[in-house]
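Here the structure is laid out as structure tokens; the discussion comes afterwards.
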Amino acid sequence: MILLFVASALISLILGRYVISYLKKLKYGQEIRKEGPQSHLQKAGTPTMGGIFFIISFLCVSIFAMIYFKLDIKISLFVLLMPLLYALLGFIDDYNKIIKHDNLGLNAKQKLLLQIAFATAIILIVKYVLKIDTVIKLPFIKGKFDLGFLYYPLVLIMITGATNAVNLTDGLDGLCGGVSLIVLVGTALIAKKAGVLELSYMSIALAGALLGFLYYNFYPAKVFMGDTGSLFLGGFLAVAFIVLKMPLHLIFIGIFYVIETLSVILQVLYFKSTGKRLFLMSPIHHHFEMKGYSEKTIVLASYLINIIVVFIVYMWS
């Protein structure tokens, strides 16, 4: 596992140099949300779509692991290919933002409809190809529960929620990449404990790829992952916990993503009911930024929180 991690990190590190240079040449720079913190306006023009090079690194190392370790072909291809649907959606969104010179890209309805369509395809593959039943493992207790038909709407919500939640976390230099790296290391360890080696190897490969990406993305960022990367990460985590039969575990191991999403939902609901803001700005990482904390402080604190949470979930998985 360590060799896969190192190999993936090195490939990502090498690829990153060339991909960033090419993105600069194409002038694929990030458009900054005007309503966001004013300090972020100086980041305008920073190359985006950096998710491309950590995805390529992940694919190369995962395919090698699949062949070398003779992994189950159905599970391996499922874990490899399904997140690419979300990467494609993210790429289209990023490309639209660049062409239109606007931070909005695809509208919310378009993105949601495509996410639901992809999630439905995943569910059909889970049911009819992988033949995964509706029994799930419960978090923090040694028990299983058959959800029956309720399993399918739960998984639909989980997949769509995970992709959007990881996307919302991508708001500070190094935040989404670092948090996801920690979550993926935890996922790899949980998968190894559960005996799902396909997932263990691929999770650690993606974690390594993110480490190489973070070299360029940590403050001050030379590249952003864009929706191409963040939607891919959300899709990967969703399919990972489906294969593990632990969909509810994702809520806990990905608690930071959940908090980020809840802060946005609460902000909207509170504003509609009172006309006032609950947070200075949402997602919540911007609230702390507006309170005067530096990006580095917020990001490093997030890493520490995630390490503790992942350790707890791993011990109780």
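The values are calculated or read from the model by the stated rules, or taken from the named source; none is laboratory data. Not measured: the values here are computed from a predicted model. Neighbour counts are summed over all protein chains in view; Cβ atoms, including those assigned to glycine, are modelled from backbone coordinates with ideal geometry. Remember, those area values only see protein heavy atoms, side chains included, never the ligands or the DNA or RNA. Shrake-Rupley method; radii C 1.70, N 1.55, O 1.52, S 1.80 Å.
With all protein chains present, how much of the accessible area of segment 59-103 (probe radius 1.4 Å) comes from carbon and sulfur, to the nearest whole percent?
C and S fraction of accessible area: 73 percent.
Report, to one decimal in Å, the Kirkwood hydrodynamic radius for segment 194-317 based on all distinct Cα pairs.
16.6 Å
So I have (1) 47, 22, 19; (2) 35, 24, 17; (3) 29, 24, 19, and one of them is semi-axes √(5λ) of the Cα gyration tensor in Å calculated from this model. Which one is it?
Identified label for the calculated read-out: (3).
Please list, or write none, the lysines whose alpha carbon is within less than 22 Å of the alpha carbon of residue 109, excluding same-chain residues fewer than 8 places away.
Within the straight-line limit of under 22 Å, residue 109 reaches these lysines: 34, 97, 100, 272.
Using a cut-off of 24 Å between alpha-carbon atoms, which lysines can reach residue 70, once sequence neighbours fewer than 8 places away in the same chain are excluded?
Straight-distance partners of residue 70: 127, 131, 192, 193, 245.
Modelled label-to-label distance, residue 108 and residue 74, 7 Å Cα→beta-carbon offset: nm?
With each label placed 7 Å out from Cα toward Cβ, I get 3.9 nm.
Less than 14 Å Cβ to Cβ from residue 148, Lys/Arg counted +1 and Asp/Glu -1: what total charge do the surrounding residues give?
Taking every other residue near residue 148 into account, the sum is 0.
In Å², what does the accessible area per residue of the chain work out to with a 1.4 Å probe?
48 Å²
Below 12 angstrom from the Cβ of residue 17, what's the summed charge of the other residues (Lys, Arg +1; Asp, Glu -1)?
The answer is +2.
In a shell of Cβ-Cβ distance under 14 Å around residue 126, excluding residue 126 itself, what net charge do Lys and Arg (+1) and Asp and Glu (-1) give?
On the way: positive: 74, 127, 131, 245; negative: 133.
My count for the surroundings of residue 126 gives +3.
Got the relative contact order for segment 183-255 handy, in percent, Cα pairs under 8 Å and 6 or more residues apart?
So the answer I get is 30 percent.
Explain nothing, just the number: dipole magnitude of the chain about its Cα centre with +1 on each Lys and Arg Cβ and -1 on each Asp and Glu Cβ, in debye rounded to the nearest 20.
Dipole magnitude for the chain comes out near 80 debye.
At a threshold of 8 angstrom on Cα-Cα distance, excluding pairs fewer than six apart, so keeping six or more, what relative contact order does the chain reach in percent?
27 percent
Out of the total accessible area of segment 194-317 (probe 1.4 Å, heavy atoms of protein only), what percent is carbon and sulfur? Walk me through the numbers before you get to the answer.
Numbers: 3800 of 5230 Å².
In segment 194-317, the share of accessible area belonging to carbon and sulfur is 73 percent.
Using only the Cα atoms of segment 86-200, construct the convex hull and provide its projected area averaged over every direction, in square nanometres to one decimal.
Convex hull of Cα atoms, orientation-averaged projection: 8.9 nm².
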